[in-house]
């Protein structure tokens, strides 16, 4: 791991990195085949609900086991539904270890805050924020009922950056709950530097940060091999800057990098390698690599 001059506020050993690799995309389980039920019909409009619930519960425990040791936990996905598990795990561990709630900076083209009822697609990767904030609730363990208060994220500790493809129901949820969200309009108006100042000021300097970065926040020019690309996104440099700023706070306790899928955009020469390089750059910046 890169040696940084920034002193970590919340990690026991900043050089000790816990890695969770999740081969999980589009509701299809690749590394968790033992958890896939034989029958997994839609439930409350959700596709593959039992599989996604079981896998994210396993991920939550894996992240928890790393985070409770005071390690910075890096999770590589996989679609963004895995954040149900990563946030649940880091939230629980941080509460137990530090007696603090985490904040989440969610960098994404999409808000991923649909409930099963507001979703048009039924894809759970469009719902993770709703589940970890309690906006979407279910009692049955096989359908995310395993989530408890100890796993939850406060909507007041959530910040979005890079939004540009938000469903009508999600816009209503964001407005009604006063969620701090910076769209590409805000980045165009203020610049990424000012947006990061406002985002970090909202969180505060004494809060552990979980950074959940969907590579589709970047413009497809920089990350074409991803599931739901949206034009008009962040430059790679803006994405790197977000990660650099979060690292500089000394508050980073967990990092997700999701939706890097080299099998997509295969017809574009160099698309897969370009996307992988972009993802690697984001992770290196979040872990402390600097230009000078």
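At a glance:
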quantity: Segments 218-225, 232-239, 13-20 sorted - mean Cβ within 10 Å per residue, highest first; calculated: 218-225, 232-239, 13-20
quantity: Fraction of beta bridges assigned by DSSP in the chain that are antiparallel (%, nearest 5); calculated: 10 percent
quantity: Ranking of 231, 164, 44 by count of other Cβ atoms within 10 Å, fewest first; calculated: 231, 44, 164
quantity: Calculated SAXS-style log₁₀ I(q)/I(0) at q = 0.12 Å⁻¹ - segment 98-180, Debye, Cα scatterers; calculated: -0.34
quantity: Distance-filtered residues of segment 76-119 - backbone nitrogen under 14 Å, label point 7 angstrom along residue 6 Cα→Cβ; calculated: 105
quantity: Full-stretch length increase - residue 290, residue 202 - with 0.36 nm per residue and alpha-carbon distance subtracted; calculated: 29.2 nm
quantity: Highest-MSF residue in the chain out of 190, 64, 32 [GNM, Cα springs under 10 Å]; calculated: 190
quantity: Label-zone membership for segment 142-181, site residue 117, 7 angstrom Cα→C-beta point, backbone N under 16 Å; calculated: 169-174, 176-177
quantity: Packing-based ranking, highest mean first, of 73-83, 261-271 given that Cβ atoms within 10 Å are counted; calculated: 73-83, 261-271
quantity: Sum of -39500 (n - 2.57) over DSSP H runs of 4+, divided by residues of the chain (222 nm, nearest 500); calculated: -10500 deg cm²/dmol
quantity: Calculated FRET value between residue 248 and residue 277, using beta carbons and R₀ = 22 Å, to 0.05; calculated: 0.45
quantity: Modelled label reach - residue 36, point 7 Å along Cα→Cβ, segment 73-115 residues with backbone N closer than 18 Å; calculated: 78-82
quantity: Two-decimal log10 I(q)/I(0) for the chain, as the Debye equation yields it once each C-alpha is a single scatterer, q = 0.09, 0.13, 0.16, 0.17 Å⁻¹; calculated: -0.37, -0.83, -1.33, -1.53
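Only the coordinates and a few stated rules stand behind these numbers; no lab work does. Just so you know, these numbers come straight off a predicted model, no measurement behind them. Here Cβ is always computed from backbone atoms with ideal geometry, including for glycine, and neighbour counts include all displayed protein chains.
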